[in-house]
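Chemist: Structure below; questions to follow.
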Amino acid sequence: MRALSVVSEIYPLIKTGGLADVAGALPGALRAEGVTMRTLVPGYPALMARLTAAVPVHAWPDLSGHPARLLAGVAEGLNLLVLDAPHLYDRPGNPYVGPDGRDFPDNALRFGALSRVAADIGRGLLADFEPDVIHAHDWQTGLVPAYLRYDEGPAPAVVFTIHNLAFQGEFDPRFLAPLGLPPRAFAIDGVEYYGNIGFLKAGILFADHVTTVSPTYAAEIRAPAGGMGLDGLLRARGAALSGVRNGVDERAWNPSADPLIARAYDIRGIDHRAVNKAALQSALGLEPAPEAPLIGIVSRLSWQKGLDIFGACLDEALEQGARIAVLGAGEAGLEAFYRDAAAANPGRVGVRLGYDEALAHLIQAGADMLVVPSRFEPCGLTQLCALRYGCVPIVARVGGLADTVIDANDAALSQRAATGIQFQPVERDMLAAAIRRAIDLYRQPMIWRRIQWNGMSCDVSWREPARRYAEIYRAAAGGGAERPLVERRRA
Ligand code: ADP
């Protein structure tokens, strides 16, 4: 089966969050399931620079007002189709915002063009690659199934994945004509969403199947409290909405062969984590304190991630002898809070503000615990990495965090099943209690070691999720690789 993935970021070429990790890992994991996946991405400067032996496979004299090309090439083992449209993508900043931190004003057109090209590939633009299914990710690609719906003629199935319902891609209706959508599309049973054009809404409405990245999040977003305005539509999709948890890319995250940490180790050599703990303490200017429980954070600093809630627990954790290692970037107020916390607690709170892949790995390998106090969390990758690295996760019982960590309550401890600590509701006193509980367990080395072992023994790989995606693709495409293409295509 042939699948086209279309996505606005992909690890290791360009990344702002977990979406890139998923897009980068899925093609490799799907190979074992008999799925050949190519990925369509925008030609950002960082990506163009690393594209080798790229061949132009299509050219447009006018795509959103200027010439553009589609390049086929390989980078970091990924089989890519790159939309080289300098007027849309050749700019400083990250994929979505300029250096001033503001959304690009033409994001509707930038990602509309990406979606239009994905739909065209689905409709046979490339003679040598006619996908049976298009896997579109997040609001940036929500118009893919909309274009296919409003075009005439046969089209491949579309599976649409919501990685975070909070980002919905809403744009002024004046973009309707420039996006090439017909006037009748601006309706409640079309792309209209509270008076705007809703990219995420369009994806949810028109895709053959909608997935999100954990079973619990799939349930949460069907309810008003978690649905962010879209719960009614999500409920209406019924069984066409399912949850598939993310995996960890085991090539990038493998403690027994990780070039970014001070000392590699596996489940039998867990004591070697001490070398990484010392390296982490040194990297962040923390006192060398091998016995002190070291709590790590690797996160975007945003309201979603609950780092203000952790901030309110900081003093209490320090009073219990903990040390804190924070890596994060994001909201100015949170950055200032953690900068001040480090200044007020030299040697006890170490903070690196910014994006640092190597330090993210060293925290997983050297911290004793990783705190993930998210108010909502579609899946979460850092707690999965933590499990793999023997760093015990302390997580809010929401979304994918609820699905992937087994709380060390008495029952789970007696069954030797516990892999971390969960708390709920997501508020300061509950997190403070969870940290107390974790530190108490940490001071019982036999029990702590068992929790680490249990976590490191979990299968957090892409194998099972890839099998699920392949099943969903086949069901959506309405047949399977054995049937001829014309029959598989929906008229
Ligand atoms: P989200 O996508 O909501 O930000 P996830 O937990 O799904 O959260 O994925 C976050 C990914 O980004 C993980 O791979 C994590 O290691 C990485 N990450 C987050 N913040 C940083 C940072 N400041 N430096 C390096 N890596 C980071």
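Chemist: Arrange the following residues from fewest to most other Cβ atoms within 10 Å of their Cβ: His361, His87.
Modeler: Details: His361 23, His87 16.
Exposure proxy ranking, most exposed first: His87, His361.
Chemist: Going by how many other beta carbons lie within 10 Å of each one, how would you line up Glu9, Glu316, Glu291, fewest first?
Modeler: Glu291, Glu316, Glu9
Chemist: Just order 239-252, 261-274 by mean Cβ neighbour count inside 10 Å, highest at the front, would you?
Modeler: 239-252, 261-274
Chemist: Assuming R0 = 41 Å, what is the FRET efficiency of Arg91 and Arg416, from their Cβ-Cβ distance, to the nearest 0.05?
Modeler: Details: r = 53 Å, r/R0 = 1.29.
Result of the calculation: an efficiency of 0.20.
Chemist: Which of Lys15, Lys201 comes first, and how do the rest follow, when ranked by fewest Cβ neighbours within 10 Å?
Modeler: On the way: Lys15 19, Lys201 25.
If I rank by nearby Cβ atoms, fewest first, I get Lys15, Lys201.
Chemist: Rank by packing, highest mean first: peptides 179-186, 227-234, 451-458, 419-426, with packing defined as the count of other Cβ atoms within 10 Å averaged across residues.
Modeler: 419-426, 451-458, 227-234, 179-186
Chemist: Could you work out [θ]222 nm for the chain from helices alone, using -39500 (n - 2.57) per DSSP H run of at least four and dividing by all its residues? Round to the nearest 500 deg cm²/dmol.
Modeler: The helix contribution divided over the chain gives -10000 deg cm²/dmol.
Chemist: Sticking with this one: Calculated FRET efficiency, Met228 and Asn409, Cβ-Cβ r, R0 41 Å, to nearest 0.05?
Modeler: That gives a FRET efficiency of 0.85.
Quick note: the coordinates plus some simple rules give every number you see, no bench work behind them. Keep in mind that this is a model prediction, so the values were computed, not measured. Note that we place each Cβ from the backbone using ideal geometry, even for glycine, and neighbour counts take in every protein chain shown.
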